[in-house]
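Reading through the structure tokens given below for one structure.
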Amino acid sequence: MKICMIGTGYVGLVSGVCFSDLGNDVICVDKDQNKINNLKQGIIPIYEPGLEELVLKNYKNKRLNFSTDLNNSIKKSDIVFICVGTPTKKNGTGADLGQIYSVAKEISSSINRFKIIITKSTVPVTTGDEIEKIISKKINKKKFSVVSNPEFLREGEAIRDFIYPDRIVIGANDKKSSRILRNLYSPLISKGAKFISTKRRAAELIKYAANAFLATKITFINEIANLCEKTDIDVEEISIGIGLDKRIGSRFLRAGPAYGGSCFPKDTKAIVTTADKFKINLSVIKSVINSNSSRSKLLLNKVKVILNNKIRNKKICFLGVTFKANTDDMRDSSSLEMIPFLSKKGAKIKYYDPTGFKKEFNKLKNVNFKNSIKDAVKEADLVILHTEWNDFKSINFKKMYPSKNLKIYDMRNIYSPSKIKSQGFKYFGIGR
Ligand SMILES: NC(=O)c1ccc[n+]([C@@H]2O[C@H](COP(=O)([O-])OP(=O)(O)OC[C@H]3O[C@@H](n4cnc5c(N)ncnc54)[C@H](O)[C@@H]3O)[C@@H](O)[C@H]2O)c1
């Protein structure tokens, strides 16, 4: 099939490359000329394991192309995926659909034969109706169909998630589009992915409900962890004890910092705002948002306690600053709240992240990137394990020349408290 991906970010690039690897002709379009030029030279704009090899292979065999020419790329394609951003509105809580609607207008000027227009971006329920209205101002409804196909891939596992998804959701109000898309995804369905065909609005809501539920699970175990800390219980035992109940499931029950990333924070706010518009009060999700937004403050209070209320001039090392491992994505990472707070209080911060220097901390006083774990940990008074990269799991802190009284705040519970204590260092975890 001939496919056009509009928006070549995490979702557009990964799914475009994977579709081409399945044998389709794919053009990935972006308005960012620099990104497209780089991709044509094999320079990948994001860190995602396995992505570079797939891009190079499919670009070389000419099934994958990159362009900034939206009009022509749409004309050449039968299927058009919209993968642009849907961030939170500036000065608001709902999804900013500006990029989606501007793309819809551009599509309406480029339809030369029947096209299926698919939103892969996460969009509030009824957005498909709006896209249909915009395009039908110029084009007869018989010449296009608007479908919702939400994407569930996780950064860091994106390629695997795309190729082996738990389910493929197609929300189409017509049978023809649903049939064509089932065909497009048939290589994945034959490998075991469940295909779910719904009405368009249902597919839009499935994505938000899924993300809100996962955010709820994380927030739930984070609050249980708070109780564990007061009652001398290890939250890891609670996670295992409840997670083995099949009705609950063990995933997303790891206590840690506030959830972050490009999806959960914005999507929980957006679903609540959409529900408010329909006069429905999603009170559970509202409390999840509140609880999560106070979490960094709570962990920072613990940092104060660990440092006996003396933050000024303390040498603090952050291991990992992205919102989770195996991605370079800094969007809404809790380190963006913690590091500026500690820098303002006079701490001297060194950080190491496997994906390198972060411009987000550029202007902060006494915040420096180090090229190795060793350089970051050296002479630290406190190490904050912020992101659960495998690189950090087997560190021998004794070999890192830390201060004699080194304290370790393991925000992901990746270390054995007794092992750290046996090395002579003070250990603090989450809910343990
Ligand atoms: N990142 C994830 O893990 C993930 C997972 C599932 C769903 N989603 C959803 O997918 C959507 C995209 O997310 P992302 O993380 O890939 O975003 P992103 O910011 O990484 O990429 C969006 C891209 O769209 C481009 N763009 C914007 N307007 C354009 C236009 N008019 N023409 C061409 N290109 C344009 C931007 O330049 C950018 O490169 C969002 O709705 C998000 O919620 C993201």
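The values are calculated or read from the model by the stated rules, or taken from the named source; none is laboratory data. Because the structure is predicted, anything quoted here is derived from the model rather than measured. Glycine also receives a Cβ, built like all others from the backbone with ideal geometry; neighbour counts cover every protein chain displayed.
Here are the numbers for this structure:
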read-out: Among the residues listed as ASN308, ASN313, ASN281, the single one being surrounded by fewer than 19 Cβ atoms within 10 Å (Cβ to Cβ) and touching a residue at least 12 places away in the same chain (Cβ under 8 Å); value: ASN313
read-out: Whichever residue in the stretch 14-40 is basic (Lys, Arg) and in a helix (DSSP H, G or I) and, among such residues, is farthest from SER121 (Cα to Cα); value: LYS40
read-out: Subset of the stretch 107-141 that is of a type in the set (D, E, K, R) and touching a residue at least 24 places away in the same chain (Cβ under 8 Å) - its residue that is nearest to VAL84 (Cα to Cα); value: LYS120
read-out: Breaking point among (1) within 17 Å of THR387 (Cβ to Cβ); (2) touching a residue at least 40 places away in the same chain (Cβ under 8 Å); (3) crowded, with 20+ Cβ neighbours inside 10 Å, for LEU300; value: (3)
read-out: Among the candidates LYS269, LYS246, LYS199, residue that is farther than 22 Å from SER416 by Cβ and in contact (Cβ under 8 Å) with a residue 40 or more places away in the chain; value: LYS269
read-out: Strands (runs of 3 or more DSSP E) fully within the stretch 131-231 counting 1 or more residues that are surrounded by fewer than 17 Cβ atoms within 10 Å (Cβ to Cβ); value: 167-171, 194-198
read-out: Matching residues, the stretch 88-111, being assigned to a helix (DSSP H, G or I) and either basic (Lys, Arg) or over 22 Å from the mean Cα position of the chain (by Cα) (or both); value: TYR101, SER102, VAL103, ALA104, LYS105, GLU106, ILE107, SER108
read-out: Of all residues making up the stretch 369-402, the number that are at pLDDT below 95, basic (Lys, Arg) and assigned to a loop (DSSP other than H, G, I, E, B); value: 1
read-out: Leading residue by the ranking (nearest to the chain's Cα centre (by Cα)) among those in the stretch 73-87 that are buried (at least 18 other Cβ atoms within 10 Å of the Cβ) and more than 9 Å from the ligand (Cβ to nearest atom); value: PHE81
read-out: Filtered residues of the stretch 13-34 (kept if in contact with a Ser or Thr (Cβ under 9 Å, 6 or more places away or on another chain) and surrounded by 20 or more Cβ atoms within 10 Å (Cβ to Cβ)); value: GLY16, VAL26, ILE27, CYS28, VAL29, ASP30
read-out: Enumeration of residues in the stretch 41-72 that are more than 25 Å from the chain's Cα centre (by Cα), charged (D, E, K, R) and part of a helix (DSSP H, G or I); value: LYS57, LYS60
read-out: Where SER110 falls short, out of the listed (1) within 27 Å of ASP329 (Cα to Cα); (2) surrounded by fewer than 23 Cβ atoms within 10 Å (Cβ to Cβ); value: (1)
read-out: Residues (within 16 Å of the ligand (Cβ to nearest atom) and either surrounded by fewer than 19 Cβ atoms within 10 Å (Cβ to Cβ) or without any contact (Cβ under 8 Å) to a residue 60 or more places away in the chain (or both)) located in the stretch 44-53; value: ILE44, PRO45, ILE46, TYR47, PRO49, GLY50
read-out: Options LEU336, LEU364; residue that is over 23 Å from PHE425 (Cβ atoms), touching a helix residue (DSSP H, G or I) at 6+ places or on another chain (Cβ under 9 Å) and assigned to a loop (DSSP other than H, G, I, E, B); value: LEU364
read-out: Hey, SER121 within 28 Å of the chain's Cα centre (by Cα), within 13 Å of the ligand (Cβ to nearest atom) and not β-branched (Val, Ile, Thr) or not; value: yes
read-out: Search result, residues across the stretch 126-156 that are within 14 Å of the ligand (Cβ to nearest atom) and touching a Ser or Thr at 6+ places or on another chain (Cβ under 9 Å); value: THR127, GLY128, ILE131, ILE134, SER148, ASN149, PRO150, GLU151, LEU153, ARG154, GLU155, GLY156
read-out: Inter-residue pairs, beta-carbon under 9 Å, first farther than 16 Å from LEU70 by Cα and free of Cβ contacts under 8 Å to residues at least 60 places away in the same chain and in the stretch 21-42, second among the hydroxyl-bearing types (Ser, Thr, Tyr) and within 15 Å of the ligand (Cβ to nearest atom), 6+ apart; value: LEU39/THR8
